[in-house]
Structure formats: C-alpha cells, structure tokens
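The values are calculated or read from the model by the stated rules, or taken from the named source; none is laboratory data. What you see is a predicted model, and the numbers here were worked out from it, not measured in a lab. Glycine also receives a Cβ, built like all others from the backbone with ideal geometry; neighbour counts cover every protein chain displayed. Accessible surface is based on the protein model in full, side chains and every heavy atom, while ligands, DNA and RNA are left aside. Shrake-Rupley method; radii C 1.70, N 1.55, O 1.52, S 1.80 Å.
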Amino acid sequence: MMFSIRACGLTLRSRLCLMCPGMDREELYITAHLARLELSEEEIDRFQAAVLQLLKYFDKMMEMDVENLKPTTQLIENNRLREDVLSDYDMTDQLLQSAPELEERFVVIPNVL
Amino acid sequence: MIYIEDHWQGLFLKPQQLKKWKKYANSADKKIGAFLQFKPDLAHISSAEHGELEGVPFAVKDNIAVRPFKLTCGSRMLKSLNSPYTATAVKKLQARGGVVVGKTNLDEFGMGSSTENSSLAKTVNPWDLSRVPGGSSGGSAAAVAAGIVPFALGSDTGGSVRQPAAFCGVYGLKPTYGTVSRYGLVAYASSLEVIGVIAKRVDTARMVFSIMHGQDDLDHSSLEYQPLPEVPEHLTVGIPIECSRDLHYDIDKSFKKTKDTLGELGFTVQEISIPSLDYVVSAYYVIATAEASANLARFDGIRFGERAIEADNPEELILLSRSRGLGDEVKLRILLGTYVLRSGFQDQYYLRAQKIRTAIRMDFEKAYSGVDLILMPVYSYPPFKFGGDGLDPFSQKLADIFTCTANLAGIPAMSFPASMENGLPIGMQFLAPPFGEELLFKACSIFEKIFPAPDSPIYSTEWSE
C-alpha cells in the first residue's frame, strides 16, 4: 500500500517534470496568442528561459500533500449583495474622454470585417 | 496625541512655509526621482478645509486614481491617461483635509521589487543613490524617506508597501485584506492586494489607516473594520523557525538583534513553526500571475491607453497595442498566468496553489492560538544595486517569501526600521491576526521609542525653520 502511494507520487512528479520541456517555442507562442501578445523571435528566446525557470520552481508545490485541503479562492467568506436598483452615474463623459478615438459618443475602432 | 510633526500640520494654510517646502521638495526629488508627477496645487481644491489632516501634504502611488492627476501605473500603455475619478481611500483622506501633491513612481502595474520595472522613470534610494528604493511602491517610500511628505499611499499585493518601506528606513502598513476599499486601485491580483500606507512615524500610519478603512459600496470585497476587542498589555511574539534560512548576512544579524531587543523591551519571544512557508512563493506567483493575466486583459488600446493606430482590424489593434505598451516583466507575468490557467494545467498549478493557500491560512491560525504577533524579516536581502550589479529578477521573486505570506493569508502586517547595517536601513515586520492592526501599531510604537525611523542623508526639515 505504502509503495503504491509513493509510486503514484513519483509518476505525478515525473509527469510534471516532463511538462516543463514541453514549454517549447510552440507552447509559448500559443500562450502568447491566448494572452494577445505578439512576441518577436528574440523575445521568445528571452521569455522561454524565464517562464521555464519559474515553472520548474512551481514544481516544488508537488511535494506538498494537499489531498484534504479545500482551495481558498477568496478571503471574504460571505458574498455581500445589494438591491438591484438603478442609480445615477455621472462620469460617462469623463470616461469617454479617455478613448483614443471618438466619434460623437462612439469609440472608433478599425473595420471588423 | 501627536499624529504628525508640527511642521506638516496646516502646511497648505501657511503661504511662506509652503513656498519653502515646495522648493525643498523639488530639489530633493531631483536627487531621487520619487515622483512621476509633482503638482502640489493641482488637487488642492478637492481637500476639505478642516480635519485631522488639514493642509497636510501626501503622495499617492501612480496605480491609485486621483483626479485630475494622471494614472500611468508606470506603463507606456497608460502614459497619457488622466484619471477620471478618485479612489475611495484617497477621497476619505481629502475629506479630512489631506492634500495630494503628486503621484509616485512604481514597478509597472505593481510588478516588481525594485521600481526598476517602471517604464517611465528611475527612482533611487535616498540612503544610497546607487541602490534601488525597493518596490513596487518605491517612489512612495523614497518620498517619505527624503522628507518630501510625511506619508504616502502604496498598494501591497505581495509586499509592495512593506519591502520599499524597509529599504528606505520608514514604516509600511499592509492592512487586513478588504479593510481599505480597492475602488480606484488599478487591479493586479484582486484576491491578494490592499492599499497601504508608508510613513515616517507609527502614529501617522495609524491615523491614516483609521481614516481610510471601512466598507465601500464601490468595492464588493471591502469590509467594515472590526478591531480585535482588546490589545493585551503584554505581547507575545512568535518567531517562525523556518525564517532563519537563506538570509543575507546583514538581515540575519538584524533579525537576531531584533529578537534580543524585543526580549529586553518586555515582549515574550517564543519559537513557532509555519511549515507551509516553503511553498508560499510558488503559490503566490501562480495565484498572482493567474489573476494578473485576467485583470490586465482590459488593456487593449480600445477604450483608453496608447493605441497602435496603423492596425487594420481590431485583433491587430489589440495585439500591437499590448505588445508595444506593456513592459517585459508585465508580459512575463501575463504569459505565466495565462499558462497556469490553460485547460489541462489548471489542477496542477492554480488549484494546487489555492489549496496551499488554505494550508498557509491554517498554519497562521494555529500559530496565533499561542502568540499575539509574529516577527519575520521583510526581505532576504538589504537594498541592492541597480541592474546587473544587483539581484536578478528570479532571486528577487524568491526573496518575496516573507512578505507574500501575509497577502496569501489576508492578514495585516507592518514593517519597521529595525537597525542600520553598513549604512543601510534594515526592516523587520510584525504580522497579526485579521483585524489585529492595533497590535501592530502597539508593537511598532514600543520599538520606535528605542529606534525611531532614522533620517536618510537627504532628509531635511530646514525648510520649516
């Protein structure tokens, strides 16, 4: 029994270790695209090393037994609700002023099609 | 009680003094570059005429909105953005008479430990101009240490108030999560961060916090401050046994000295254990970058910020605007955060980090059953040099270990100047249970009596004479 648990832990760990080299240029490119970032060849080289270093470090988390722990997603335990009512909002014009390009009260972007 | 030195009180009501102070502030800031925008009269009209902070100048980190100042977050992306509104925390201080005199430099969007990641300016440490002021609230800490303002606001996501305060030899308070409204704070990692205060005196920090806290309709996660019912006469301080590893020689020396001093001052000092400490940096960076990747998706060049005008379609506009507008460290954290949230990897990274976060909270809960406060170093290194002579970005992240624990657990913590080593200030911090701010103020005040915040070589009050 003990053996099988340990073996299981080892498998998990080795899978993670294999995952890191998986962070190749292609993976980084896909991730960058998901984040809407365009990376030059030179940037890919630079970021790949830095991302790998951190992912490798994150593997340390696998040492910890988290079996019976619930995740902490937020620190405020009770949701605070409010009435669903209309309220005045007087900053619309100020917010629009920040747009790079405006046509009357519309924010202009390049053609979608 | 004296909250603030005489020369700060009602400064804006005394034209002669004010003129001399402005001259001093400008010349001091020329040396250290704490401010991205220094305009003492710009928002004066927004401050009430009376209150505890009547005519008292203060500075605000440039990721906290103050109308009509800019709100650059230290980013090229937002270099021309004017703040359309004012953060609740700032409004509350203005309502008691405080005057915002400028916006301070920071690591872009609060991401860093040296303020070197600002895309807009360089801030140096008032103690040694060849060293970093810490970060990310480096400008706020440097401004206070240089005597330009008695206090400044910062934001603390993983230590960004306490660490620069420690590097600059002043006090830095990270309040309990949720006690200060985040409305008007540009979001980086929403479940971790809180607006805090950097000050030259403990009482100043205490007063500023007492004004800033409180539930806010504009921040769903804000809480009413419910202070612990009583502050014991006699305080017991726990020292985690895990803290003594991998400390720079000067930090280790200061840590030991502080433990001894606390004993002499009448604190009961005892060893405790926070076993999860080994995993906090991993858990912190997984959670912080995951939240950052979502929060920073809003910077697309469409509704505000710098836009790549030559783009032919919306997709290209977003890609180009982000790629040009954001700096390297921000891109790195967005990439990491996007990766750990990708389908297939979530359980191994994000979910596991959140479970470790639970373990950290439980470790602290257990520790506080036996002690009132916990003492830890703030950072594993003393203030370091710029660039290649300093600390590489990865080592900087590992050294966040002592600060980011409080953010993961949501508990309050306060850094204080503990000693001088080789001419540089070294900070330690107390951590308290949720809503235990008064414990922090009490402990820091006792220590302040024997070791007040030392004056940096730039610090001067001559303008007030």
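Some notes on this structure:
- Top-ranked residue in the stretch B:312-335 [being among the hydrophobic types (A, V, I, L, M, F, W, C) and over 23 Å from the mean Cα position of the chain (by Cα); ranked as surrounded by the most Cβ atoms within 10 Å (Cβ to Cβ)]: B:L335
Residue-wise test of (1) surrounded by 24 or more Cβ atoms within 10 Å (Cβ to Cβ); (2) out of contact with any helix residue (DSSP H, G or I) (no Cβ under 7 Å at 6 or more places or on another chain); (3) at pLDDT below 95; (4) part of a helix (DSSP H, G or I).
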position: B:A89; (1), (2), (3), (4): yes, no, no, yes
position: B:L93; (1), (2), (3), (4): yes, no, no, yes
position: B:G97; (1), (2), (3), (4): no, yes, no, no
position: B:G102; (1), (2), (3), (4): yes, yes, no, no
position: B:F109; (1), (2), (3), (4): yes, no, no, yes
position: B:G112; (1), (2), (3), (4): yes, no, no, no
position: B:S119; (1), (2), (3), (4): no, no, no, no
position: B:K122; (1), (2), (3), (4): no, yes, no, no
position: B:P133; (1), (2), (3), (4): yes, no, no, no
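Residues checked against (1) of a type in the set (D, E, K, R); (2) within 20 Å of the chain's Cα centre (by Cα):
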residue	(1), (2)
B:K70	yes, yes
B:M77	no, no
B:S80	no, no
B:S83	no, no
B:A87	no, yes
B:V90	no, yes
B:L93	no, yes
B:G97	no, no
B:E108	yes, yes
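- Taking the listed residues A:K60, A:K56, the one that is open to solvent by 100 Å² or more (accessible area, probe 1.4 Å) and basic (K, R) is A:K56, with no other qualifying.
- B:G344 vs. criteria assigned to a loop (DSSP other than H, G, I, E, B), at pLDDT below 95 and more than 9 Å from chain A (Cβ to nearest Cβ): yes
- So B:S83, is it farther than 25 Å from B:N125 by Cα, in contact with a helix residue (DSSP H, G or I) (Cβ under 6 Å, 6 or more places away or on another chain) and polar (S, T, N, Q): no
- Scan of the stretch B:256-286 for residues that are of a type in the set (S, T, N, Q) and within 14 Å of another protein chain (Cβ to nearest Cβ), ordered by number: B:S276, B:S282
- Count of residues meeting criterion [hydroxyl-bearing (S, T, Y), surrounded by fewer than 17 Cβ atoms within 10 Å (Cβ to Cβ) and under 22 Å from the mean Cα position of the chain (by Cα)] in the stretch B:222-243: 0
- Restricting B:I302, B:I356, B:I360, B:I374 to those that are touching a strand residue (DSSP E or B) at 6+ places or on another chain (Cβ under 9 Å) and facing another protein chain (nearest Cβ under 9 Å) reduces the list to B:I302.
- Every listed requirement among (1) of a type outside the set (K, R); (2) under 21 Å from B:I274 (Cα atoms); (3) crowded, with 22+ Cβ neighbours inside 10 Å is met by B:F435 save one, (3).
- Options B:G196, B:G134, B:G154: the member that is under 12 Å from the mean Cα position of the chain (by Cα), under 12 Å from B:T104 (Cβ atoms) and not β-branched (V, I, T): B:G154
- The condition of being acidic (D, E) and open to solvent by 20 Å² or more (accessible area, probe 1.4 Å) holds for only one of B:D246, B:D219, that being B:D246.
- Selected residue (only one of B:S276, B:S293 is closer than 30 Å to B:D347 by Cα, part of a helix (DSSP H, G or I) and open to solvent by less than 10 Å² (accessible area, probe 1.4 Å)): B:S276
- Only one of the listed residues (B:S419, B:S415) is more than 30 Å from B:E230 (Cβ to Cβ) and of a type in the set (S, T, N, Q). That residue is B:S419.
- Any hit, the stretch A:19-33, residues being within 9 Å of chain B (Cβ to nearest Cβ), over 28 Å from B:K355 (Cβ atoms) and either at pLDDT 90 or above or open to solvent by 60 Å² or more (accessible area, probe 1.4 Å) (or both): yes
- Residue check for B:P383: closer than 19 Å to B:C168 by Cβ, open to solvent by less than 40 Å² (accessible area, probe 1.4 Å) and not in a loop (DSSP other than H, G, I, E, B): no
- For the stretch A:55-87, filtering for residues that are in a helix (DSSP H, G or I) and at the interface with another protein chain (Cβ under 9 Å from one of its Cβ atoms) leaves 8.
- Scanning the stretch B:388-435 for residues that are away from every other protein chain (no Cβ under 14 Å), part of a helix (DSSP H, G or I) and within 22 Å of B:Q270 (Cβ to Cβ) gives a single hit, B:F402.
- The condition (being farther than 26 Å from B:A399 by Cβ and either in contact with a strand residue (DSSP E or B) (Cβ under 6 Å, 6 or more places away or on another chain) or of a type outside the set (A, V, I, L, M) (or both)) is satisfied by just one residue among B:A59, B:A89: B:A89.
- Scanning the stretch A:88-106 for residues that are within 18 Å of B:G184 (Cβ to Cβ) and at the interface with chain B (Cβ under 9 Å from one of its Cβ atoms) yields a count of 5.
- Being open to solvent by 30 Å² or more (accessible area, probe 1.4 Å) and more than 30 Å from B:A28 (Cβ to Cβ) holds for only one residue in B:E365, B:E462, and it is B:E365.
- Test: residue in the stretch B:139-153 that is at pLDDT 95 or above, open to solvent by 10 Å² or more (accessible area, probe 1.4 Å) and in a loop (DSSP other than H, G, I, E, B): no
- Residue within the stretch B:323-335 that is out of contact with any Phe, Trp or Tyr (no Cβ under 6 Å at 6 or more places or on another chain), hydroxyl-bearing (S, T, Y) and not in a helix (DSSP H, G or I) present: no
- Screening the candidates B:T405, B:T358 for the property of being open to solvent by 10 Å² or more (accessible area, probe 1.4 Å) and β-branched (V, I, T) yields one hit, B:T358.
- Some residue of the stretch B:412-431 being farther than 25 Å from B:N125 by Cβ and open to solvent by 10 Å² or more (accessible area, probe 1.4 Å): no
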